[in-house]
1. Apply the Karplus parameterisation 6.51 cos²θ - 1.76 cosθ + 1.60, with θ equal to phi minus 60°, to every residue of region 73-81 and state each ³J(HN,Hα) to the nearest whole Hz, in sequence, with x for glycine and proline.
2. Applying a 10 Å radius around every beta-carbon, put 147-158, 60-71 in order of their mean neighbour count, most first.
3. Ignoring ligands, DNA and RNA, please state the percent of accessible area on region 142-242 from carbon and sulfur, probe 1.4 Å.
4. Spelling out what I want: for every residue of region 157-168, take phi, set θ = phi - 60°, compute 6.51 cos²θ - 1.76 cosθ + 1.60 (Karplus), and round to whole Hz; glycine and proline get x.
5. Quick check: pseudo-label points 7 Å beyond the Cα along Cα→Cβ at S3 and F56, how many nm apart are they?
6. Accessible area per residue for the chain in Å², computed with a 1.4 Å probe and the full protein assembly in place, what is it?
7. Suppose the Debye formula is applied to equal point scatterers at every Cα of region 87-242; what is log10 I(q)/I(0) at q = 0.19 Å⁻¹?
8. Between Q135 and R227, take the C-beta separation as r, use R0 = 35 Å, and let me know the FRET efficiency to the nearest 0.05.
Amino acid sequence: MSSFQQSAAQALQLIGGADPMLQSIVVRSLAVSATACAIACALGLFLGAWLGVARFRGRGALLTVLNTLLALPSVVVGLVIYLLLSRSGPLGFLGWLFSFQAMVLAQAVLVLPVCTALTRQAVEDAERAHGEQLQSLGAGGPLRALLLAWDERFALLTVLIACFGRAISEVGAVMVVGGNIEGFTRVMTTAIALETSKGDLPLALALGIVLLGVVLALNALIAALARWRGVQRERALMEAHAT
């Protein structure tokens, strides 16, 4: 039996046997990413909806900056947050460096531009289709943003799922600010990198399988939502024609 087959077999044993270390790392990863997404998306949905309907000088430049932030390297985010949270940094008094909170902050900063940009695009597309009608009914900018965001709620739900996938698959920033401390700040991506370098391939492979499973489930959910949204639109069109 090859070393890959042995590692794969042992990895499946770890997963099937609910290995305590494996469970701890997976639960911590999900908790960090879910918390970061909740914080970032709460702000990103608001900013994106506002940008989708707002028109002001400098908007084009702001959108350029926003789109640039989509490709922001995670290690750069980690470095900046590390400097902010270090003892000599402006936020050093918080004592968050190498903690759960630091990893949440790093992932939230990475997810925020993604949520904002995707939300802005969805709301702006809806604004082109229905904005004039809402304006004729007397709906101002904030109300239009709210109504259009609600109308695009299924698309925005897809945005939230995509943001969670972005967060949970990130490695650079959380490794820099979290320190990859066993039992405290070790998450799936950082553990895979560490265990591979140590030669503990079964645990690294087990974590990789779980991470791929999570990403696969997220993509399947996005596809299911897209199909459901299409069915709902077809039903709405059929009902409109029937009336």
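The values are calculated or read from the model by the stated rules, or taken from the named source; none is laboratory data. Note that the structure is predicted; figures quoted are calculated from it, not measured. Every residue, glycine among them, receives a Cβ derived from its backbone with ideal geometry; neighbour counts consider all protein chains shown. What goes into the accessible areas is simple: the full protein's heavy atoms, side chains included, and nothing from ligands, DNA or RNA. Shrake-Rupley method; radii C 1.70, N 1.55, O 1.52, S 1.80 Å.
1. x, 5, 5, 5, 4, x, 5, 5, 5
2. Order by mean packing, descending: 147-158, 60-71.
3. 70 percent
4. 5, 4, 4, 4, 5, 4, 5, 5, x, 5, 6, 6
5. Going from the S3 label point to the F56 one covers 5.8 nm.
6. Accessible area per residue: 54 Å².
7. One equal scatterer on each Cα of region 87-242 leads to -1.16.
8. With R0 = 35 Å, the Cβ-Cβ based efficiency is 0.60.
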